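Single-structure report; data block below.
Since every read-out is calculated from the coordinates, none of them should be taken as a lab result. None of the values given here were measured: they were computed from a predicted structure. Cβ: placed from backbone, ideal geometry, glycine included. Neighbour counts: every protein chain shown.
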Amino acid sequence: METVENTKNYKEKWAECLTIIKDILGVDQTGVQSFRTWFEPIKAVDWKDSTLTIQVPSEFYYEFLEENYIELLSRVLQKVFGPNINLKYSVWVKTDQNTGKTITTTHTGKNPASKNVPQPTNYHPASNVIKDPFILPGVKGVIDSQLNPYYSFANFIEGDCNKLARSAGIAVAKNAVKSTYNPLLIYGKSGLGKTHLVQAIGMEIKDLFPKKNVLYVDADTFERQYAQAALDNDRNNFLHFYQNIDVLIIEDVQLFAKKEGTQNAFFQIFNYLHQKGRQIILTSDCPPVEMQGLSERLLSRFKWGLSAELTVPNFETRLEILKQKIQKEGIDIDEDVVEYIANHISSNVRELEGVLISILAQATINKKQLNLELAKDVVEKLVKSTQQDISIDFIKKTVCDYFNIAPDQLKSKTRKREIVQSRQVAMYFAKIYTKNSLASIGSQIGGKDHATVLHACKTVNNLMETDKRFKRYIADLEKRFKLQ
Ligand code: ADP
Ligand code: MG
């Protein structure tokens, strides 16, 4: 029965869920932004018969949550509301121009209790314990691939940033039976499309060869399953399960670092599958040469196949990606707004989408006009929240500390390599992390002109490509700035 007490409870409980979700998503840039974009705008609007109704700003939102966050949502909802909770979405579609009334549609979410089960793992919601992780009793047929149909090649926009990876992916899909790219390793920074691409490969293979056992699994799940198997003295079943897979997709293999047991198991599975000509597809956040804490023998296996990098998309590609999402959403946005977003969010496709959704959310929830002004507002807030307080002084100090020189030396006219290089690196980071013009960066770092800064940025980019040690310096420094 609905009582006041009851009503208060579910809203409070939802607030509790939000706190947990925020915690899980983390305090780094992506975590904070994901939370803001996807969870903060959600309101709990009803609670009846163990069913929680949440209100989301648009159809796209609902789909996105179901596709990307349902596991997280389910876990948290079950924890806070109990294992039998169901979820419903109320979608705020639009405001009727004449009556001012809000029109909504509803969707029944997939029952968290069932969606929570990343098959073939049997996840036990009540106790958070994985039961019989890999055995499908009596099932010899085709397993659930854990693939998300949204991630198809059809909506994966091609650009210079993904040409090699994408065409290698298509080749692998077509020749899943005897591919020459085995393993195929897709690497790149977060938010550049690794998951989308490997899922698309998996989907394509399922389309072309429906009987093939394709399995998509992330490194964490694989590791958890292995740990459980080891605990239950059940390694053989674990290995056996994986040895039956025709196409194995494992995400984020860099996470196997320093986990010897898991690495060994993976190595064994890898060898078995490879020998049988089964396809292995992996992702990681860095190329094999930079993977630390992975055994040499495993790394050398990675080199048997093809490694392809996903890089940052250029303006045209970003524009195209945005346009596709807008079309899918079925909304009307002025070209100048879209171009503004593509221009200002340049290094991460997930952020690109995030900004678009934030703008839509603002426009629908806060009933703001979807115009350039709103776009500027949202972008500025994002940039502020992710690039707080990095000043040129801080950059100078950090770089000088790192290379062990005194900040004053940046001004010196000497041609000493470490000084010239420190100056160039400081200029490079100032360009990335601050909004200063080239001229202003030049005058603040060593009293140089804008052409010197431009040259410095190019030099740093070139060195990163040719000099492994230099690249590591930049990565180290980057970490220090990101901790800010
Ligand atoms: P990663 O796994 O590298 O962190 P994802 O695959 O999760 O990145 O991509 C982040 C988001 O950006 C996803 O929603 C994905 O659909 C989208 N995306 C990335 N690259 C493209 C692309 N080339 N075309 C369309 N959408 C893309
Ligand atoms: Mg991913």
Karplus ³J(HN,Hα) for the range 11-25 (6.51 cos²θ - 1.76 cosθ + 1.60, θ = phi - 60°; Hz, whole; x = Gly/Pro) runs 5, 5, 5, 5, 4, 5, 4, 4, 4, 5, 4, 4, 4, 5, 5
Leading residue at positive end of dipole, the range 240-340 (Cβ point charges), from GLN327, ILE269, LEU299:
ILE269
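Determine the shape class of the range 412-484: with a ≥ b ≥ c the square roots of the Cα gyration tensor eigenvalues, call it rounded for a/c under 1.5, and otherwise prolate if a/b is greater than b/c, oblate otherwise. The partial results should precede the final answer.
On the way: a/c = 1.70, a/b = 1.21, b/c = 1.41.
Judged from the Cα gyration tensor, the range 412-484 comes out oblate (a/c at least 1.5, b/c at or above a/b).
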For each of GLU59, GLU71, count neighbouring Cβ atoms within 10 Å of the residue's Cβ, then give the residues from fewest to most.
GLU71, GLU59
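Restricting to Cα pairs below 8 Å that are 6+ residues apart, what does the relative contact order work out to for the chain? Please round to a whole percent. Please list the in-between numbers first.
Numbers: 711 pairs, mean separation 56.0, N = 484.
Relative CO of the chain lands at 12 percent.
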Listing TRP38, TRP14 from the residue with the fewest other Cβ atoms within 10 Å to the one with the most, what is the order?
TRP14, TRP38
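Using helices alone, I'd like the mean residue ellipticity at 222 nm for the chain: each DSSP H run of four-plus residues gives -39500 (n - 2.57), total over residue count, nearest 500.
Values: 20 runs with 247 residues, N = 484.
The helix-only estimate for the chain comes to -16000 deg cm²/dmol at 222 nm.
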Arranged by the count of other C-beta atoms within 10 angstrom, fewest first, what order do MET464, MET427, MET291, MET203 take?
MET464, MET291, MET203, MET427
Rounded to the nearest 20 debye, what is the charge dipole size of the chain about its Cα centre when +1 sits on each Lys and Arg Cβ and -1 on each Asp and Glu Cβ?
1320 debye
Taking R0 as 25 Å and r as the Cβ-Cβ distance between GLN324 and GLU67, the FRET efficiency 1/(1 + (r/R0)^6), rounded to the nearest 0.05, comes to 0.95
Placing +1 on the Cβ of each Lys and Arg and -1 on the Cβ of each Asp and Glu in the chain, which of ILE20, SER422, GLN362 has its Cα farthest towards the positive end of the resulting dipole?
SER422
Which residues' amide hydrogens lie under 5 Å from the amide hydrogen of GLN55, considering only partners 5 or more residues apart or on another chain, with H built in the peptide plane?
LYS43, ALA44, VAL45, SER90
